[in-house]
Structures are given as C-alpha cells and as structure tokens.
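Report on the structure given below.
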Amino acid sequence: MNQCRKPTLADRPWIQRIYESSGYRGAEYTFANLYLWSFYYGEVAEVEGYLCQRLNFRGVHQYLYPAGSGDIRPVLERIFADSRREGKPLVIRSLTRETMAQLESLYPGQFTYEPDRDSYDYLYEIGTLADLPGRKLQSKRNHINRFIEAWPNWYTRVITPHNLHVCEKLAEKWYESHHESAADRRALTKALEHYEALEFEGIILYAEEGRPVGFSMGNRISADTFDVNFEKAFADIQGAYPLVNREFARYVREQHPDIRYLNREDDMGIEGLRKAKESYHPIFLEKFIATEKEARP
C-alpha cells in the first residue's frame with residue numbers, strides 16, 4: 001500500500017463516511033481520534049472502498065482491522081502483500097469478536113488470537129450515565145450531592161468558539177499535576193485548535209460564576225454510539241468528575257436522541273483510570289490482536 005499517508009483535515013468527509021458505513025463502535029474508528037492521534041494510529045489508505053490503517057509498533061508495521069462495507073477479502077489480501085515486504089508475520093489489531101470470527105472464517109487456522117485488555121473500550125448505556133440509577137451508582141450520586149451542597153450556584157455552558165479559551169486554560173492547569181500525559185496534551189491541544197472542523201461537541205462545568213472546574217467533549221462514532229474523547233476536571237473538588245460526566249451524558253441524550261451508548265474509550269492499562277471506569281459498570285467492547293502463525297512466502 002504505497003499510497004499510505006498521514007491523514008489531513010481534508011480527508012475527513014470520505015474517511016468519516018467509510019467509518020459510518022462499517023458500524024464499528026470502537027474509539028479508533030472515528031476520524032477525530034485518527035487525526036488527533038496520527039502519531040500513534042499512523043497512516044491510512046483507501047483500498048477497495050475500505051479504510052486501511054497502518055501503524056508502526058516497535059519498528060514493525062501492524063494494521064487495524066479494515067473499516068468499510070462489502071467484500072473484505074481483496075482488502076485483506078492487499079494488507080498481506082504490504083506486510084510481506086518486511087518478511088514478518090502479519091499482525092492485525094482492534095478486532096472485535098465479530099471481526100475476529102470473520103477473519104478466521106476467511107483464513108482458517110492461519111492466525112492466533114489474544115485479548116488486548118488495555119485497549120478494551122468502556123461502553124455505557126447513555127441512561128446509566130445520565131441518570132445514575134440504582135444502588136450500584138449511589139456513591140456517584142452522593143459525590144454529586146456534595147458538589148451541589150458546596151456549590152449551589154453551579155451551572156454548565158456548551159463549548160463554542162467563544163469559550164474554547166476556558167477549556168485551554170483549565171487544561172493547562174490540569175496538566176500541571178499530570179506530567180505523564182504528554183501525548184494526551186498534544187492530542188487535546190490539536191482538538192481545541194480544530195474543534196469546529198472536527199465537529200466536536202462539549203460542555204464546561206462551572207462551580208460558580210467565572211470558576212470553571214471541568215469540561216467534557218466528544219463526537220459521534222456510529223449511528224448509536226457517541227465518543228467521549230476528552231474529559232478533564234479537578235479531582236480535589238469533590239463531585240466535579242461525576243457531575244461533568246453526568247451533565248455531558250444528559251447533553252448528548254438531549255441533542256442526539258438516537259444515541260444509545262457512550263464510549264468512554266480504553267484505560268491504557270492505567271490502574272487508577274481502570275478502577276474509575278469500572279466503577280460505572282461498563283459494557284466492555286473487547287479487542288483482540290491477530291498474529292499470523294507464519295509469514296506468507
């Protein structure tokens with residue numbers, strides 16, 4: 001696939017169209033993440049109406065399972081041919097149980113499969129995050145109540161080009177105590193710079209007039225799934241995180257009544273992040289890695 005290249009903003013219409021036709025719910029199958037994290041997701045190419053993504057992992061090319069619709073075998077054959085140049089077994093990432101079964105049916109016995117737990121996406125029924133029902137989420141409601149008691153004049157505002165600077169300043173302060181998040185900061189800076197072009201939506205949470213304490217932003221992945229790309233809040237303010245989470249879920253539900261799931265993406269193997277996301281009782285979108293048993297001659 002010699003035509004592989006880094007995506008640009010001009011690629012958004014055709015790439016997003018292919019993503020939507022695939023119906024995938026994974027966070028890696030949205031143009032915003034592809035563009036913002038191109039230093040990780042690598043290069044793209046259109047092959048037979050499919051989008052192929054090639055990334056460099058420890059000096060060796062790997063591939064995301066192609067997105068699109070129609071006959072996928074010619075597309076996979078092109079990926080085989082591309083990987084053959086390096087003389088190493090083909091590695092395909094981001095397979096779901098459905099796409100793993102598809103790959104196995106096309107190439108029986110040629111791959112081994114292993115779960116990629118650090119890349120599992122956390123899906124939630126939107127009503128779960130918007131309403132926080134039941135005993136299991138009582139602690140979230142309690143934290144929100146403590147916030148409301150401390151800040152009775154709290155409010156939210158929709159993110160617009162006129163208040164993006166609020167998010168920028170809040171993020172700068174947040175990163176002062178999160179030095180390990182350099183890649184995340186790089187992606188968020190780019191997201192705020194191209195907020196409208198990437199068709200992001202979001203809200204800012206204020207504890208009181210002129211005191212922003214959190215924001216959340218994202219965009220649509222598929223017909224029924226919305227991605228929460230970035231969420232920042234000050235952890236030392238009790239309830240800020242669960243409240244901005246709840247309010248963004250309510251915003252998405254109101255603006256997009258056809259959305260069923262919020263995808264809060266993976267935890268990257270970070271223990272604290274995993275614990276926080278599991279505490280909302282997710283539906284896991286499992287991911288698998290397929291490795292060719294022997295490189296094709």
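The values are calculated or read from the model by the stated rules, or taken from the named source; none is laboratory data. All values reported here derive from a predicted model rather than from experimental measurement. Here Cβ is always computed from backbone atoms with ideal geometry, including for glycine, and neighbour counts include all displayed protein chains. Calculation scope for accessible area: heavy atoms of the full protein, side chains included, ligands and nucleic acids excluded. Shrake-Rupley method; radii C 1.70, N 1.55, O 1.52, S 1.80 Å.
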**Report entry** Vicinal HN-Hα couplings computed from phi for the range 38-46 (Karplus, 6.51 cos²θ - 1.76 cosθ + 1.60; Hz; Gly/Pro x)
**Finding:** 4, 5, 9, 5, x, 10, 10, 7, 8
Report task. Would you mind telling me the share, in percent, of accessible area of the chain contributed by carbon and sulfur at probe 1.4 angstrom? Result -> 49 percent
Query raised in the report: How long are the three semi-axes of the equivalent ellipsoid of the range 128-243, in whole Å, if each is the root of 5 times an eigenvalue of the C-alpha gyration tensor, listed from largest down?
Result: 23, 18, 14
Query - Phi-based couplings in Hz for the range 229-243 (Karplus 6.51, -1.76, 1.60; Gly and Pro marked x) - result: 6, 9, 9, 10, 7, 8, 5, 7, 9, 4, x, 5, 5, x, 6
Query raised in the report: Using modelled amide H (1.01 Å from N, peptide plane; none on Pro or chain starts), what sits under 5 Å from the amide H of Ile221, excluding residues fewer than 5 places away?
Result: Phe226, Asp227
Report task. Provide the packing ranking of 234-240, 81-87, 198-204, 265-271, i.e. peptides ordered by the mean count of other C-beta atoms within 10 Å per residue, highest first. Result -> 198-204, 234-240, 265-271, 81-87
Requested in this report: Sort the range 1-123 into rounded, prolate or oblate with this rule: let a ≥ b ≥ c be the square roots of the eigenvalues of the Cα gyration tensor; rounded if a/c is under 1.5, and if a/c is not under 1.5, prolate when a/b is larger than b/c, oblate otherwise.
Outcome: rounded
Requested in this report: Leaving out ligands and nucleic acids, note down the accessible area per residue over the range 234-297 with a 1.4 angstrom probe, in whole Å².
Outcome: 53 Å²
**Report entry** Where N is the number of residues in the range 220-297, Cα Rg divided by 2.2 N^0.38 Å
**Finding:** 1.44
Report task. Considering only Thr30, Thr156, Thr112, give the residue with the highest GNM mean-square fluctuation for the chain, with springs between Cα atoms whenever their separation is below 10 Å. Result -> Thr112
Requested in this report: Using a 1.4 angstrom probe, figure out how much accessible area the range 24-116 has per residue, in square angstrom, rounded to the nearest whole.
Outcome: 41 Å²
Report task. Could you state the angle between the C-alpha long axis of helix 164-175 and the longest principal axis of the C-alpha atoms of the chain, as a value from 0 to 90 degrees rounded to the nearest 10? Result -> 80 degrees
Query raised in the report: For the range 95-143, max minus min Cα coordinate along each principal axis, in Å, sorted largest first?
Result: 52, 19, 14
Report summary line: Tilt, helix 12-22 to longest principal axis of the chain (alpha-carbon atoms), in degrees rounded to tens, equals 80 degrees
**Report entry** the range 128-142 versus the range 68-93: alpha-carbon centroid distance in Å
**Finding:** 44 Å
Report summary line: With Cα coordinates, the longest principal axis of the chain makes an angle with the long axis of helix 73-84, in degrees rounded to 10, of 80 degrees
Report task. Step through the residues of the range 189-202 one at a time and calculate ³J(HN,Hα) from phi using the Karplus curve (6.51 cos²θ - 1.76 cosθ + 1.60, θ = phi - 60°), rounding each to whole Hz and writing x for Gly and Pro. Result -> 4, 5, 5, 5, 5, 10, 3, 6, 4, 8, 6, 6, 9, x
Report task. Across the chain, how many lysine pairs, 8 or more positions apart or on different chains, have C-alpha atoms separated by under 21 Å? Please give the number. Result -> 16
Report summary line: Length-normalised contact order of the chain, Cα under 8 Å, at least 6 apart, in percent, tallies to 27 percent
